[in-house]
Amino acid sequence: MPTAKQQVFLDLLEPVYPRLSRFALSLARSVEEAEDLTSATVLEALERFDTVHEHAKFAGFLFTIASRLHKRKTYRERFRRSFDNERAEAIKLGEPLPDHAAEIRIVMDAIGLLPEKVKETLLLFEVADLSLNEIRIIQGGSISGVKSRLKRGRESVQRALGIVETNVASKKNTMQDGSVERSIKIPKLKDYAL
């Protein structure tokens with residue numbers, strides 16, 4: 001037997017319940033979701049019934065709860081997706097294009113010729129984007145040691161790739177026609193998608 005408070009709640013709910021059900025059905029994607037939303041709304045309304053001071057505003061109270069519950073559920077489920085095995089298997093791996101794969105292989109072979117600690121320094125700095133201090137902590141030693149390994153590694157890779165650096169400030173090669181040879185721009189290792 002319901003208490004007096006529960007009976008008042010039921011008396012107020014009875015005329016509004018069909019409209020609440022239709023409202024929930026208009027918000028939800030299925031009949032089951034609408035029933036769940038209606039049930040959750042009624043439960044929360046019963047738990048918070050003490051906060052209703054004017055019984056004339058009970059319908060608005062119910063619809064506000066239903067709307068907020070639906071918004072909360074939609075917000076929580078926006079990142080939730082069902083797993084589709086066929087779709088997952090249809091996704092192609094992000095393999096590089098053949099011309100990029102050849103460039104990557106050439107650069108990786110040049111890096112492979114480096115001494116282990118120099119190679120590690122170069123990869124940590126250029127590929128993993130670690131700072132010089134972070135590399136120093138990983139490898140030990142000093143910052144100047146990390147800088148010198150990085151410089152030696154870059155120069156060795158550039159020599160292996162046939163890239164020759166010209167320093168415009170110290171060397172200006174004058175051509176036979178009097179024009180000045182421009183320096184070769186050395187690409188960073190980041191330009192190659194390793």
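The values are calculated or read from the model by the stated rules, or taken from the named source; none is laboratory data. Owing to the predicted nature of the structure, the values given are computational and were not obtained by experimental measurement. Every residue, glycine as well, gets a Cβ built from its backbone with ideal geometry; the counts of neighbours run over all protein chains shown.
If the condition is being over 26 Å from Glu77 (Cβ atoms) and either assigned to a helix (DSSP H, G or I) or in contact (Cβ under 8 Å) with a residue 40 or more places away in the chain (or both), then the stretch 40-59 contributes Phe49, Asp50, Thr51, His55, Ala56, Lys57, Phe58, Ala59. Scanning the stretch 1-39 for residues that are among the charged types (D, E, K, R) and either surrounded by 10 or more Cβ atoms within 10 Å (Cβ to Cβ) or not in a helix (DSSP H, G or I) (or both) returns Lys5, Asp11, Arg19, Arg22, Arg29, Glu33, Glu35, Asp36. Taking each residue of the stretch 99-125 that is in contact (Cβ under 8 Å) with a residue 60 or more places away in the chain and farther than 11 Å from Leu150 by Cβ and looking for partners that are assigned to a loop (DSSP other than H, G, I, E, B) and of a type in the set (Phe, Trp, Tyr) with beta-carbon atoms closer than 9 Å, six or more apart or interchain, yields His100/Tyr192; Glu103/Tyr192; Ile104/Tyr192; Val107/Tyr192; Met108/Tyr192. When each of Thr64, Thr121 is tested for being surrounded by 12 or more Cβ atoms within 10 Å (Cβ to Cβ), hydroxyl-bearing (Ser, Thr, Tyr), modelled with pLDDT of 75 or more and more than 21 Å from Ser39 (Cβ to Cβ), the lone residue that passes is Thr121.
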